Amino acid sequence: MLAKVLSGALIGIDAYPVEVEVDIAQGLPQFSTVGLPEGAVKESKDRVKSAIKNSGYEFPPRRITINLAPADIKKDGAAFDLPMAVGLLCATGVVKPKHKRYLFMGELSLDGRIKPVRGALAVAVAARTWEIDGLILPVDNAAEGAIVDALPVYGVRDLGEVVDFLNGLTELQPFRVDVADLFSKAAAHPENFSEVRGQEHVKRALEVAAAGGHNLIMVGPPGSGKTMLARRLPTILPPLGFDEALETTKIHSIAGLLGGAHALVAVRPFRSPHHTISDAGLIGGGTYPRPGEVSLAHNGVLFLDELPEFKKNVLEMLRQPLEDCQVSISRAAQSLTYPAAFMLVAAMNPCPCGFAGDSLRECICAPPMLQRYRSRLSGPLLDRIDLHVEVPRVLHKDLADPVDGEGSEPIRRRVEAARALQEERLAPYNLHCNAHMQSRHIRKFCAVDSDGHRLLEMVTDRLGLSARSYSRILKVARTIADLAGHEQIRQEHLAEAIQYRSLDRKPG
């Protein structure tokens, strides 16, 4: 007796079809799984056996072989429990043959309940091109699977419900999701820039960073508002488009971070890992590779507070994703690529005690301490951060001012107008913001006049800027010109961009 059931598995953020072939033959009772199964897949035989028995069906006491094809790719996770159980029930005749072909995913409890799994959205996206009639998923994954709206998605709670549906004894309605409603609910942010007192020049720097997708580092004493400002950056970023939201949600689905009530990541992610994070936690990887924080922040913001406290080897691993907007993880058996187009926002104290340059408190750090503290950040890493902003202590007159500052809404409108100019300019190159421009785009779109050239020459020679810093000044100046609505980069735009390279003037 042979039965075949379709399922899906993941490679990176993409999915591929897996055919679960079940063969029941004469011989001593035995249950073997082939097709390069990993630990959780090998253990599925015990879950499947108990789930079938506890759901009221007979488990065949024969020689059972299950093949997961293609057999040359490793399979991991518990999502094959449900297709294995359905395949066994088809092979024993409990489930009657049907002319429709469904894709199954789900982890089985010992009592037959179906638990949620990772990557349902990625499978649903890929299944649009497969020859199937629908997807049968755990009820907690049905919403994310239905986001694609290409195939019927049926949410099921237990094995008995699946059997009754396949035998035509019960009807299940395809799951529906109102995507517009999800976006409208996500539009309101609890934070607002109007809550920030003072720090107008820092708010301006964040506006420039948001308009061009630039990386930014804030340096200031404790309590100056660095974290508060960073957490309000998403409120001035352009809203996610559906394609961006779908790609971001796929990553979160693979990481197992979606719940039944959060089927779509409709706002730009804001990830803030602790400084004790490992390299695999930040970049991704592990025994069974998973996306790291840089990928979870895709299309959003990665905030690293107390930047020098991170392990130096962890910070150095940020270089490649900051340049390439993706992370490549290579293992002996496979190589995976996760997207990582994020805005890096970092914050740090100016010295170990935090009060170097403070107007009210004296720094107690000796020069060697300051040098060691600043040397934790390498020059190549700082080179990849476009805007370096000093955040001074907030004065009492600003804290006591009863008048709110400018709110997020008008700032976001200016950011969206600047992004619209960049989209139009860079669309032929499949780029979306100035931060992602390469050398050939900079030469074409960042031309400056003779006065600008003289200013750049003077600053480059005086500060000893690298070629990368030079290019980033031009990209930031291009963004400032876009915010002003000017096609040509002017000298004042360059001057503002240059002042955002303050860390280039400091030792270490």
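Annotation for region 269-277: at least one member residue is among the polar types (S, T, N, Q) and under 24 Å from residue 224 (Cβ atoms). Selection of region 97-111 for residues being over 25 Å from the mean Cα position of the chain (by Cα), within 19 Å of residue 3 (Cβ to Cβ) and modelled with pLDDT of 95 or more yields 102, 103, 104, 108. Please determine whether any residue of region 202-211 is among the small types (Gly, Ala, Ser), over 30 Å from residue 396 (Cβ atoms), buried (at least 22 other Cβ atoms within 10 Å of the Cβ) and assigned by TED's automatic domain parsing to the domain that holds residue 396. Checked against the condition, which is being among the small types (Gly, Ala, Ser), over 30 Å from residue 396 (Cβ atoms), buried (at least 22 other Cβ atoms within 10 Å of the Cβ) and assigned by TED's automatic domain parsing to the domain that holds residue 396, region 202-211 yields at least one hit. Per the listing 273, 308, 321, the residue uniquely surrounded by 17 or more Cβ atoms within 10 Å (Cβ to Cβ), free of Cβ contacts under 8 Å to residues at least 60 places away in the same chain and part of a helix (DSSP H, G or I) is 321.
State all residues of region 71-89 that are modelled with pLDDT of 95 or more, of a type outside the set (Asp, Glu) and within 15 Å of residue 22 (Cα to Cα); if no residue qualifies, say none. Selection gives 80, 82, 83, 84, 85, 86, 87, 88, 89.
Put simply, of 393, 384 the only residue that is charged (D, E, K, R), in contact with a strand residue (DSSP E or B) (Cβ under 9 Å, 6 or more places away or on another chain) and surrounded by 13 or more Cβ atoms within 10 Å (Cβ to Cβ) is 384.
What about residue 441, is it surrounded by 12 or more Cβ atoms within 10 Å (Cβ to Cβ), part of a loop (DSSP other than H, G, I, E, B) and not assigned by TED's automatic domain parsing to the domain that holds residue 199? If you could, list the steps in order and put the result at the bottom.
Values: surrounded by 12 or more Cβ atoms within 10 Å (Cβ to Cβ): yes; part of a loop (DSSP other than H, G, I, E, B): no; not assigned by TED's automatic domain parsing to the domain that holds residue 199: yes.
Spelling it out, it is not the case that residue 441 is surrounded by 12 or more Cβ atoms within 10 Å (Cβ to Cβ), part of a loop (DSSP other than H, G, I, E, B) and not assigned by TED's automatic domain parsing to the domain that holds residue 199.
Could you please let me know if residue 40 is under 32 Å from the mean Cα position of the chain (by Cα) and not in a strand (DSSP E or B)? Steps first, please.
On the way: under 32 Å from the mean Cα position of the chain (by Cα): yes; not in a strand (DSSP E or B): yes.
The answer is yes for residue 40.
Screening region 282-300 for residues that are among the small types (Gly, Ala, Ser) and touching a Phe, Trp or Tyr at 6+ places or on another chain (Cβ under 7 Å) and picking the one that is nearest to residue 209 (Cα to Cα) gives 300.
Using the structure shown, decide if residue 302 is crowded, with 23+ Cβ neighbours inside 10 Å, touching an Asp or Glu at 6+ places or on another chain (Cβ under 8 Å) and either free of Cβ contacts under 8 Å to residues at least 60 places away in the same chain or aliphatic (A, V, I, L, M) (or both). Don't jump to the end; show me each part of the working.
Working: crowded, with 23+ Cβ neighbours inside 10 Å: yes; touching an Asp or Glu at 6+ places or on another chain (Cβ under 8 Å): yes; either free of Cβ contacts under 8 Å to residues at least 60 places away in the same chain or aliphatic (A, V, I, L, M) (or both): yes.
Answer is yes for this residue.
Note on region 37-87: residues that are touching a strand residue (DSSP E or B) at 6+ places or on another chain (Cβ under 9 Å), more than 24 Å from residue 287 (Cα to Cα) and without any contact (Cβ under 8 Å) to a residue 24 or more places away in the chain amount to 1. Among the residues of region 91-125, those that are in a helix (DSSP H, G or I) and surrounded by fewer than 23 Cβ atoms within 10 Å (Cβ to Cβ) comprise 91, 125.
The values are calculated or read from the model by the stated rules, or taken from the named source; none is laboratory data. In this text, all values refer to a predicted model and were calculated from it rather than measured experimentally. Note that we place each Cβ from the backbone using ideal geometry, even for glycine, and neighbour counts take in every protein chain shown.
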